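**Q** This is the structure I have questions about; it appears just below.
Derivation of every value follows stated rules applied to the coordinates shown; laboratory data play no part. Remember, it's a predicted structure, so these values are computed and weren't measured experimentally. Cβ sites come from the backbone with ideal geometry, for glycine too, and all protein chains shown count toward neighbours.
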Amino acid sequence: MAVTPAIELQVGSRSVRISHPERVYFDARGETKLDLANYYIAVGDGIVRALRERPCMMHRFPDGTSGERIYQKRLPKGAPDWVETVEVRFPSGRGADELCVTELASVIWAVQMSCVEFHPWHSRRADTEKPDELRIDLDPQPGTGLVEAKVVAEVVHELLDEIGAVGWPKTSGSKGIHIYVRIEPSYGFREVRRAALAFAREVERRAPSLVTTAWWKEDRGSQIFIDYNQNARDRTIAAAYSVRASPIGLVSAPVTWDELPDVEMADFTIQTMPERFARLGDVHAGIDDAVWSIDPLLAWADRDEHDFGLGDAPYPPNFPKQEGEPPRVQRSRMNPANWPKDESGPTVQPQDLG
């Protein structure tokens, strides 16, 4: 099979070379590397808004999405001098210079480097230690799916309205729903994660048959897990408008609250999103104008700890042991007599909260 010559794409003021433009990246319909680049150009304002000034991990697929995935935290060698970076520190204490998108050409250059998925941090280059985004990740567990996640999303929406915060929902492009809240960059990762855990526990109280905050999978059951740990340092999820590694090129698609009850994951693909974006623009265009303080959630965290004995919850396994964190061991593998009560927590009903 003849190899198609490399082409040059004009992206703003930059000329970006795309080699092997004919390489198939998505098996179901045969979309190529060039199709992927053209998709990101079509939703350019949206993907740049989602990534702007954020450290970004690249998920690269040199042989297409059916092949090996490379998790690229450090900027690959050979980047043009106009591709910007930001230095970050990982839980291990090591650091790296990650991609930091400031213009669309950097996204298309990343596609040239076989990047399909973009996974940004929830802080920005101005202060990578102070997140400006709280992430509510509704993760369906076995026995549940998008239908149940949408029901929980409505509970989240109601609760956000009550506390005066604006939530911006999107499909995950996989199974669940992500909801972002722009926050004042006043606190570190530990405090923002603590706020996210308090919010998740409140949602769990309001929909106990549908929602769990249990970290260990064996304790979750057929419920929607709210993954509070997505707010810890160096935890990333696919950006709004990021394509996902699926045969049909599913997209993590921003949606409005009004349309959320009727959406299906397959509505949003590399094939369908350009027309939607041309028609609607970025439905999350106002996200940077809706900034909110997490102080009410930190007050909830204090209440949970002092009134109900709900302390911290486990961190991901790659994190050093944190102060006040319960044992990182599954309940089934631990002597029940040694299991701290604040890990599972007492059952607290909404009427108990005053």
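**Q** Measure nothing fancy, just the Cα-based angle from helix 33-42's long axis to the longest principal axis of the chain, in degrees from 0 to 90, nearest 10.
**A** 70
**Q** Same structure again: Going by C-beta contacts inside 10 Å, put 228, 315, 241, 71 in order with the fewest on the left.
**A** Lowest count first: 71, 315, 228, 241.
**Q** Mind checking which lysines have their Cα closer than 30 Å to the Cα of residue 77? Skip sequence neighbours fewer than 8 apart in that chain.
**A** The reachable lysines, counting only those whose Cα sits under 30 Å from residue 77, are 33, 130.
**Q** While we're on this one: Give the Rg (one decimal place) followed by the Dmax (whole number) of region 235-287, computed from C-alpha coordinates and expressed in Å.
**A** Values for region 235-287 (Cα only, Rg and Dmax): 11.2, 33 Å.
**Q** Which net charge results when you count Lys and Arg as +1 and Asp and Glu as -1 among the other residues whose beta-carbon is under 10 Å from that of residue 185?
**A** -2
**Q** Hey, another quick one. Tell me which residues come under 5 Å, amide H to amide H, from residue 85 once H is placed; ignore anything under 5 positions away on its chain.
**A** Under 5 Å from the amide H of residue 85 lie the amide H atoms of 100, each far enough along the sequence or on another chain.
**Q** Using unit Cβ charges (K, R positive; D, E negative) and no other charged atoms, how large, in debye to the nearest 20, is the dipole of region 7-120 about its Cα centre?
**A** 280
**Q** Over 18 Å, how big is the tail of the calculated P(r) for region 175-235, in percent of all Cα pairs?
**A** 37
**Q** Then there is this: Highest first, please rank the peptides 146-152, 195-201 by the mean number of other Cβ atoms sitting within 10 Å of their residues.
**A** Ranked from most to least packed, the peptides come out as 195-201, 146-152.
**Q** Same structure again: Give me, ordered by chain and number, the residues 5 or more places off residue 212 or on other chains with an amide H under 5 Å from its own placed amide H.
**A** Sorted by chain and number, the residues that satisfy this are 224, 225, 226.
**Q** Against the longest principal axis of the chain, how steep is helix 295-308, in degrees 0 to 90 to the nearest 10, with axes from Cα atoms?
**A** With both axes taken from Cα atoms, the answer is about 40 degrees.
**Q** Follow-up question, since we're still on this one. Give the residue from 9, 58, 37 lying farthest towards the positive end of the charge dipole for region 1-82; charges sit on Cβ (+1 for Lys and Arg, -1 for Asp and Glu) and the dipole is referred to the Cα centre.
**A** Of the options given, the answer is 58.
**Q** What's the magnitude of the charge dipole for the chain around its Cα centre, counting Lys and Arg as +1 and Asp and Glu as -1 at the beta-carbon? Answer in Debye, nearest 20. Let's see the in-between values first.
**A** On the way: 42 positive and 55 negative charges, 250 e Å.
Here the chain has a charge dipole of around 1200 debye.
**Q** Here's a follow-up. Starting from the exponent 0.38 and prefactor 2.2 Å, build the expected Rg for region 84-194 from its residue count and divide its actual Cα Rg by it.
**A** Working: Rg = 16.4 Å, N = 111, 2.2 N^0.38 = 13.2 Å.
Taking the Cα Rg and dividing by 2.2 N^0.38 Å, one obtains 1.24.
**Q** How large is Rg/Rh for region 7-120, to two decimals, with Cα atoms and a Kirkwood Rh?
**A** Taking Rg over the Kirkwood Rh, I get 0.96.
**Q** Could you estimate the translational diffusion coefficient of region 116-264 from the Stokes-Einstein equation, with Rh from the Kirkwood formula over C-alpha pairs, at 4 °C and 1.567 mPa s, in whole µm²/s?
**A** Working: Rh = 15.5 Å.
Once the numbers are plugged in, D ends up at 84 µm²/s.
**Q** Give the Kirkwood hydrodynamic radius (Å, one decimal) of the chain, defined as one over the mean of 1/r across all pairs of different Cα atoms. Before the final figure, lay out each step's value.
**A** Values: mean 1/r = 0.0471 Å⁻¹.
By the Kirkwood definition, the hydrodynamic radius is 21.2 Å.
**Q** With a Förster radius of 25 Å, plug the Cβ-Cβ distance of residue 303 and residue 257 into 1/(1 + (r/R0)^6) and report the FRET value to the nearest 0.05.
**A** 0.35
**Q** Okay, next question. With angles folded into 0 to 90 degrees, how steeply does helix 146-163 sit against the dominant principal axis of the chain? Use alpha carbons for both and round to 10.
**A** The angle comes out at about 70 degrees.
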